[in-house]
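Bear in mind that the values in this text are calculations on the coordinates, not laboratory data. Since the structure is predicted, the reported quantities are computational estimates derived from the model, not experimental observations. No Cβ is skipped: glycine too gets one built from the backbone with ideal geometry, and neighbour counts run over all protein chains shown.
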Amino acid sequence: MMKKKVIKSLKIFSLAFALMLIILPFVSAGVGISWDKETSLIPENTKTCLTYKVYNPWPEDSYVQIELSEELMQIVSYIESEAKFVPKQTSSENAIPVEFCFKTPKIYKEDCLLFNKIICRQDCTEEMKIYEGEVEVLEVGEQDVKGGAGGSATAISVSAPLRIKVQCVAHARNYSVVYILIALIALVLLMINLLKKRKEKK
């Protein structure tokens, strides 16, 4: 009987410990994060903004800022994110939206006729490229936000998974450069011809 009680207690402890391990990554250092999707389809070479929600059930105010994990930064040209004030005792029901924006670079290779940059077309025959990482909400010290003295108090607080599907944008060859070049050459030849005629008249 005693042995069964010990086994039962161990099971309860193991379950509680497992739940704690699951909860801790999402609620830490005074802030929490909520999100409604984990996958986003974004065309290449496009600026996109995403919104997450943060809350702070703890008794101290917080400033937070969003960053992307290293796995996602490899497909981002730049990221815009400002520090956001999250008041103390903000519940998950009253979570505050935090927006951040970033731009995806050109990822898929184009078929170009000149210098790998001019008169290009994109057939989008490659398999769609997918990148997986995390959206990281960092707790930032007040002195960092307001530019005061003191060392940085930045630390990763919570994160949410994000899968980015980079969409290829198909397009035909653009011959406008050729047309412009032909027009410039024709203009130069016309000017040369006019100058010759003026000289002949003299």
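Within a Cβ distance under 13 Å of L113, other residues only, what is the Lys/Arg minus Asp/Glu net charge? Each step should come with its number before you reach the end.
On the way: positive: K117, R121, R173; negative: E110, D111.
Around L113, the surrounding residues sum to +1.
Based on the mean of other Cβ atoms within 10 Å per residue, sort peptides 122-129, 62-69 so the most packed one is first. Intermediate results must be reported in sequence, preceding the final value.
Details: 122-129: 11.9, 62-69: 21.5.
For the peptides 122-129, 62-69, the packing ranking is 62-69, 122-129.
Quote the relative contact order of the range 30-194 in percent (integer), defining contacts as alpha-carbon pairs under 8 Å separated by 6+ residues. All intermediate terms of the calculation are to be shown ahead of the outcome.
Details: 343 pairs, mean separation 47.2, N = 165.
Here the relative contact order equals 29 percent.
Just want the ordering: L72, L195, from fewest to most Cβ atoms lying within 10 Å of their own Cβ. Let's see the in-between values first.
On the way: L72 20, L195 10.
Result, fewest neighbours first: L195, L72.
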Checklist line | Residue-span extension gain [L114 to Q74] - 0.36 nm each, minus C-alpha spacing | finding: 11.7 nm
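Provide the net charge surrounding A172, with neighbours chosen by a C-beta distance below 10 Å and charges set as Lys +1, Arg +1, Asp -1, Glu -1. Before the final figure, lay out each step's value.
Values: positive: R121, R173; negative: D123.
Computed value for this residue: +1.
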Checklist line | Burial ranking of peptide ranges 38-50, 177-189 (average Cβ count within 10 Å, highest at the top) | finding: 38-50, 177-189
Check: How far, in nm, would the chain grow between E132 and L189 when pulled straight, counting 0.36 nm per residue and subtracting the alpha carbon separation?
Finding: 15.0 nm
